[in-house]
Amino acid sequence: MQLLSPSSAAAASPSASSKANFSLFTSSQNTNQKCIKYPSKLSFKIPTRNLSIPSSSKQSSPVLDQRPLSSESSPRNRETEGNIKSEKDSLEGLLVARRPVVEVSGTEDSSQGSDNNVDDGEKKSSAIIDAGLEEFAKKMPIFEPERVEVVGSSQDKPLTVNLDLALYKAKVLARNYRYPEAQEILEKCISYWPEDGRPYVALGKILNKQSKIADARAVYEKGCQATLGENAYIWQCWAVLENKMGNIRRARELFDAATVADKRHTAAWHGWAVLELKQGNVKKARQLLAKGLKFSGGNEYIYQTLALLEAKANRYEQARYLFRQATKYNPKSCASWLAWAQLEMQQENNLAARQLFEKAVQASPKNRFAWHVWGVFEYNMGNIEAARKLLKIGHSLNPRDPVLLQSLALLEYKHSTANLARVLFRRASELDPRHQPVWIAWGWMEWKEGNVSTARELYQKALSIDSSSESAARCLQAWGVLEQRVCNLSLARRLFRSSLNINSQSYITWMTWAQLEEDQGNSVRAEEIRNLYFQQRTEVVEDASWVIGFLDIIDPALDSIKKLLNLDQNLYSKTQESLKSISGESENGSDGGPSSDNDANAIKNGSGFDLNSFIKERLSLDPTKLDIQLETSGTPAPWRVSQRRIWRSKKETTTKVSDAGI
């Protein structure tokens, strides 16, 4: 290859030109002629190494000439420069892997030489290699910094600790009835952490509270798909929703899916067993509870339900043993203590039941059910002041619970004035306008006071909330009795029939209808009604309504509560035996109920439990100011009125209560 200019090539001898393939530069005899060196990026196919020859002396001509070229060589040089530029422009758009650069020694001539005559084959091979490297680089993320930032950066997704904080914030907002804000937070949690099941469960519960059943079902289904069906909590919540809507078959399938996802999930086994109990399948329920104990170990809810089943079968010693196991496994389980107290109440062991109530409030001091059921128990025992005090304590701790105010209103109606009861009923209805028993109990009081039209309006209000619930069946039965007393017999019969269409197991409704026919002289029709009741009762294999627990005794009428509990305040024959059974084999009596005869004597003498000291030390309540706290806690629900209206309603309610003379 010839690297010299044409003028110098003409002066070179043939022998020198033949050796041009082995020498990069030739020494010219004419010092005035200048050698031109072009930068090169292509290698030579010669076995010798590329050498850079520095200038030997000051008299030798420099390798590069800074002056412009002569007119003879300018066209070719321009053409060569244009080719080099076009090659560079064509290669700039390609993604070419970097190659090692060979450093060239020299002080002034730091750039490499270049050949003008490049073979076409070498260009094609280089282009093929560059194209292959380009395709390879497209497949490798290391050559694409933008893709690496998207995949590897964690700036877009928050840390996992933010999920816990967001869930807690949504829980607080939902507790304060700020459902839209809580829903927005949970939706963001689902978008950031779709694989976590907790946001789906929380969002489904919030939608369920707002009666958005279809939306809740869609959230649960989406959660099961996102977690690949491996989250038992979502399956279990979905099953509870379907059970509530009456889809028993679908609920069974979902409970089964929950147990498959996690066989140690106790809530799924227990919820499925309760479903079977409500359907009368006691044997199936026992099997499910046994599996729950086998796979998940001891659990107070399973022990409690098994104890209630034993009590239903009149095996009371076994039931007490299971209750003892439940309270031993979790001494803070208020539900277990209350269910055990209910058993002792039915066995008329009232002293033992009272001490179990004390254990219940000590286990969970703010539990509204504990204070309510204990207050109802003391009322049926004839301790009116104690019952009033317990209900007021419960209301002070749970100012938004309408059931406590409802029971307190009925107590004040029977032992105080109807006006005070009306104030309490109105306050309870403002706390929860959709709580049917409040409207039913208020209507019952107005009927007793002779305000028949007002009672009808209140009954109609209760039915407008839900016309197919158990409370609606009781409302229709009470309304039928009202129409019977005012001699609207045809309307009374229709109301009794409507009540039985909802709940065909109501003994009171059947017997009330039979008594109506008996009073009208239709003894044959009355006997037919009684026979119909016993015929349809024999079709039920097991009546599992009692197994539901202490929630059943929350009834608007205290007389029906007394009949349900079957209490007799003059029977104490089984007290000592029951107290010994409660204490059982526990050496430490703090976790096993009443532990000795001294405790029983203390209860008989007025109970060894100091209620005033307990609420003062544990709950920071002043026993002498419960009436004042009752007056100041009657604010309406936050979704009803604005903050300004809350202040006015609070002032007006306080004035009415003070005028009533609480």
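None of the figures in this text is laboratory data; all of them are computed from the coordinates on show. Computed from a predicted structure; not experimentally measured. Cβ placement follows ideal geometry from the backbone for every residue including glycine, while neighbour counts extend to all protein chains displayed.
Judged by the mean number of other Cβ atoms found within 10 Å, the most tightly packed of the peptides 388-400, 249-261 leads the ranking 388-400, 249-261. What whole number of Å gives the distance from the Cα centroid of region 249-265 to the Cα centroid of region 288-359? The two parts, judged by their Cα centres, are 25 Å apart. Extension gain for the segment Ser469 to Lys278, taken as residue separation times 0.36 nm less the Cα-Cα distance, is 67.2 nm to one decimal. Taking a ≥ b ≥ c as the square roots of the eigenvalues of the alpha carbon gyration tensor, region 314-411 is oblate, as a/c is not under 1.5 and a/b does not beat b/c. Each label point was placed 7 Å from the Cα along the Cα-to-Cβ direction; for Leu228 and Arg368 their separation is 4.2 nm.
Roughly how many debye, to the nearest 20, is the charge dipole of region 161-262 about its Cα centre, given +1 on each Lys and Arg Cβ, -1 on each Asp and Glu Cβ, and no other charges?
Numbers: 15 positive and 13 negative charges, 105 e Å.
It comes to approximately 500 debye.
Using a simple spin-label model with pseudo-atoms 7 Å out from Cα toward Cβ, Glu187 and Ser613 lie 5.5 nm apart.
With both labels modelled 7 Å from their Cα along Cα-to-Cβ, the Arg175 to Glu518 distance reads 5.3 nm.
Which of Lys212/Lys244; Lys209/Lys392; Lys392/Lys625; Lys359/Lys414; Lys205/Lys278; Lys283/Lys312 have a Cα-Cα distance over 18 Å? Could you put the intermediate results ahead of the total?
Details: Lys212/Lys244 13 Å; Lys209/Lys392 27 Å; Lys392/Lys625 10 Å; Lys359/Lys414 29 Å; Lys205/Lys278 23 Å; Lys283/Lys312 13 Å.
As for pairs spanning more than 18 Å Cα to Cα, those are Lys209/Lys392; Lys359/Lys414; Lys205/Lys278.
Segment Arg493..Gln535, full-extension length gain: 13.1 nm, with 0.36 nm per residue of separation and the alpha-carbon distance subtracted.
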